[in-house]
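Participant: After the C-alpha cells below, expect a handful of questions from me.
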Amino acid sequence: MNTIIVIPTYNEADNLSALVGELLALDLESLQILVVDDRSPDGTGESADKLARRHENKVFVLHRQGLRGLGRSYLDGFRRALAMGADVIVQMDADFSHSPVYLPAMVQVLAHADVAVGSRYVPGGTLDEHWGWWRRFLSWWANAIYTRLILGLHVHDGTAGFKAWTRSALEGIDLDAILSNGYVFQVEMAYVSERLGYRIVEIPIHFEDRRIGRSKMSVPVKLEAAYRTFEIRLRHRRLRPRHRRKAAIVQSEA
Ligand SMILES: Nc1nc2c(ncn2[C@@H]2O[C@H](COP(=O)(O)OP(=O)(O)O)[C@@H](O)[C@H]2O)c(=O)[nH]1
Ligand SMILES: [Mg+2]
C-alpha cells in the first residue's frame, strides 16, 4: 500500500528536514513525502529539493507558482498524490504540531474508515498547555459552536489539519468545487466528507504548538473563515452519497 504524505510549507526551512527524518523512520510500508512549497522566501523550497535528492523516490517537491495559500497548496498536492498512485493520502503541518507518532494508527484505521482525523477534541485529545485562554476559547468556539451550528458538523475537530484519506474518498470529492484557501479549507473538506456520507474516525492527538518559526495564521485568514462558513453550506448542502465522483473522471484530469 502506497502512502503519500502531503506537507504544505511556507517558511519552514528549520522544521522540514527534521520532520522528513522522523517520517522516513516510521515503520510504514512504501511511504512517500510530497512537499508543497509556496515559494517560501526562507529557502524551504531549496532545502526540500536537497531532501528529494538525498531520498530519491521517497521525497518529492511541488513548487507552486501564482497565488499562495494553504487550500490551493493542498488541492495541488492531493491531485499530484493521486496522479502518483497513492492508496492513502495523509495531510499534516510541517511544524511538528502534528506528531508523526500518530500516523501508523491513522493509516491503520482506514481499513474500516474513509477518513481518519487527528483530533484535539475527542477524549484523550489535548491542546498545548502553553495556549492562553483566548486562543483555546477561539479554537473551541470555532469547533463546538460556529461550525456545528452553521454546518451541523458531527466531527469534533472540524478545523483539524491532520488527516488521512483513502484514495477512493479523495477521488470521490470534486476538488474543483473546493473554494477555501485559509484554514477554513479544513472545515470545507470535513463538511463535504460528511455530506458525501464518508465514515470519519477521530484519533485523539496531543496538539503541540510550533517550537520553531512563526504561525501564518493572519487576520485575512480568520476573516475568510468567518464569511466562508456560510458560503460552504450554501455551496455543498445538497451533496449526498450518490454524488461521490467516480475514480476514472478524476484520474483523467490529474
Ligand atoms: N504551501 C503553503 N503552506 C502554508 C501556507 N500557510 C501556511 N502553510 C503551512 O501550513 C501549515 C500550518 O500553518 P501554521 O502557520 O503552522 O498555522 P497554525 O498552526 O494555525 O498557526 C504549516 O506547515 C505551514 O508552513 C501557504 O500559504 N502555503
Ligand atoms: Mg502551526
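Just so it is clear, none of the values below were taken in a lab; they were calculated from the coordinates. Owing to the predicted nature of the structure, the values given are computational and were not obtained by experimental measurement. Cβ placement follows ideal geometry from the backbone for every residue including glycine, while neighbour counts extend to all protein chains displayed.
Participant: Looking only at segment 198-233, count how many residues are assigned to a helix (DSSP H, G or I) and either closer than 17 Å to Asn181 by Cβ or within 13 Å of ligand 1 (Cβ to nearest atom) (or both).
Facilitator: So the answer is 14.
Participant: Restricting segment 207-227 to residues that are more than 14 Å from ligand 2 (Cβ to nearest atom) and of a type outside the set (Gly, Ala, Ser), which is surrounded by the fewest Cβ atoms within 10 Å (Cβ to Cβ)?
Facilitator: Val219
Participant: Okay, moving on. Check segment 54-69 and report whether any residue there is of a type in the set (Val, Ile, Thr) and either more than 18 Å from Asp27 (Cα to Cα) or buried (at least 19 other Cβ atoms within 10 Å of the Cβ) (or both).
Facilitator: Within segment 54-69, one or more residues are of a type in the set (Val, Ile, Thr) and either more than 18 Å from Asp27 (Cα to Cα) or buried (at least 19 other Cβ atoms within 10 Å of the Cβ) (or both).
Participant: Also: If you check Ser99 against the conditions, is it within 16 Å of ligand 1 (Cβ to nearest atom) and buried (at least 24 other Cβ atoms within 10 Å of the Cβ)?
Facilitator: no
Participant: Strands (runs of 3 or more DSSP E) wholly in segment 1-116 with at least 2 residues that are under 29 Å from Ile200 (Cα atoms) and acidic (Asp, Glu) - which ones?
Facilitator: So the answer is none; nothing clears 2.
Participant: Of the residues that make up segment 208-219, is at least one within 22 Å of Pro8 (Cα to Cα), in contact (Cβ under 8 Å) with a residue 24 or more places away in the chain and touching a strand residue (DSSP E or B) at 6+ places or on another chain (Cβ under 8 Å)?
Facilitator: no
Participant: Search segment 47-73 for residues being in contact with a Leu (Cβ under 9 Å, 6 or more places away or on another chain) and either within 9 Å of ligand 1 (Cβ to nearest atom) or aliphatic (A, V, I, L, M) (or both), and hand back the single one that is farthest from Glu171 (Cα to Cα).
Facilitator: Leu51
Participant: Identify the single condition in (1) crowded, with 21+ Cβ neighbours inside 10 Å; (2) within 16 Å of ligand 2 (Cβ to nearest atom) that Gly172 does not satisfy, given that it satisfies every other one.
Facilitator: (2)
Participant: For segment 74-95, which positions are more than 15 Å from ligand 1 (Cβ to nearest atom) and either surrounded by fewer than 15 Cβ atoms within 10 Å (Cβ to Cβ) or among the acidic types (Asp, Glu) (or both)?
Facilitator: Kept after step one, since they are more than 15 Å from ligand 1 (Cβ to nearest atom), are these residues of segment 74-95: 82-89.
The answer is Ala83, Met84, Gly85, Asp87.
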